[in-house]
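Read the structure below first, then the notes.
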Amino acid sequence: MIATGTDTSTRMIQVPNALGDHGPDGEAFYTSATRLSGDGLDMSQVSFIRPYGVIALLCVARNYHEQTREALLLRNMQKQVHQYLERVDLFKVGGDYLRADRNLDETWDRKQPNPKLLELTPVSSANDVFTVIGQAERIFSYWLQVSNLHSLIRVLSELCSNAYQHSGAPPGFVMIQTHEAVTKGQARVRLAICDMGIGVPGSLEQRFGPLGETPLDYLLIAMGGKTSRGTGRGGLGLRIVEKTVGESGGWMWLRSQTAALITDGNGYLTTYRDLPYIPGTQVAVEFHAPLN
């Protein structure tokens, strides 16, 4: 939905400080974005962003671009937020879809891989997946002490491959970041993946035919393991992600179209329906591990 009018103060949508939240708390951003106008987003209240917030911005901007053929303007960013979005390559990768209202003077040395960060990375080919997996393996093997690390890497490969092979709208995008919660003695590894394609319902219907009546039905079916391909190998692998979350602590958030769910991998699962429609699939995962 695109708003119209002539008063910039009323047409510019103010973004709530929700881009640093995970799961349901971050839905406030998608709700505000349903009123997008040509004067962009007022980011002045946003003080902190996580990887899922980065891909949420990208999804909204890409959807806006598909409707208007224009880039979404991010206005009035706090300096540390602007620096962060530049550092993770949001404006470099998503330059067709969104832009800042001003430039920054700072630049970063990108010669060496960052052991704590995989910048926002488009995934549209097997080579892209190979690049992502190489950096992810370095990050995960350093920070996570879990028994099924190789399975987790394989699942990440599947998630990235699905983003361009089965979404119907490549590329997908992935980002990984670590955070050291020193007071809690924890390292937190945050993974976010998105695409703007047919979503979990469309992907499952292509493979198996109609399976449910609502997007939430399909998410629950996917979590139950129905995403394996006919060979018995591959698929979204969400159960392995859930197992790893349960083993290491943390949570997984899965969103597609108008539905979402969140799980801690140990029996806690909460579902959401009738959310603002966002094309495709968005996945956010946070793993916890003791600090070395």
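E86 meets the stated requirement of being part of a helix (DSSP H, G or I), of a type in the set (D, E, K, R) and at pLDDT 90 or above. All of (1) open to solvent by less than 10 Å² (accessible area, probe 1.4 Å); (2) at pLDDT 90 or above hold for G23 with one exception: (2). The set of residues in region 30-47 being part of a loop (DSSP other than H, G, I, E, B), of a type outside the set (V, I, T) and within 26 Å of A259 (Cβ to Cβ) consists of R35, L36. Residue count for region 163-209, restricted to those that are under 17 Å from L238 (Cβ atoms), touching a Cys at 6+ places or on another chain (Cβ under 9 Å) and either at pLDDT below 75 or not in a strand (DSSP E or B) (or both): 1. Annotation note: Cβ proximity below 8 Å between a residue of region 262-274 that is farther than 15 Å from L220 by Cβ and a residue that is among the basic types (K, R) and modelled with pLDDT under 90 (sequence gap 6+ or interchain) occurs for G265/K243. Only residues that are open to solvent by 30 Å² or more (accessible area, probe 1.4 Å) and either in a helix (DSSP H, G or I) or under 16 Å from S32 (Cβ atoms) (or both) were counted in region 48-64, giving 1. Annotation: of all residues in region 246-268 being open to solvent by 40 Å² or more (accessible area, probe 1.4 Å) and more than 19 Å from the chain's Cα centre (by Cα), the one that is farthest from V200 (Cα to Cα) is E247.
Of the residues making up region 183-204, those that are open to solvent by 10 Å² or more (accessible area, probe 1.4 Å), over 21 Å from G224 (Cβ atoms) and not aliphatic (A, V, I, L, M) are T183, K184, G185, Q186, R188, R190, D195, G197.
Yes or no, residue by residue, for (1) of a type outside the set (G, A, S); (2) modelled with pLDDT of 85 or more; (3) more than 19 Å from G250 (Cβ to Cβ):
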residue: L118; (1), (2), (3): yes, yes, no
residue: V129; (1), (2), (3): yes, yes, yes
residue: A136; (1), (2), (3): no, yes, no
residue: S147; (1), (2), (3): no, no, no
residue: L156; (1), (2), (3): yes, no, no
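Checking the stated criteria, A284 turns out to be modelled with pLDDT of 90 or more and crowded, with 18+ Cβ neighbours inside 10 Å.
The values are calculated or read from the model by the stated rules, or taken from the named source; none is laboratory data. These figures come from a predicted structure and were not determined experimentally. Every residue, glycine among them, receives a Cβ derived from its backbone with ideal geometry; neighbour counts consider all protein chains shown. Areas reflect the complete protein model, heavy atoms only, side chains present, ligands, DNA and RNA absent. Shrake-Rupley method; radii C 1.70, N 1.55, O 1.52, S 1.80 Å.
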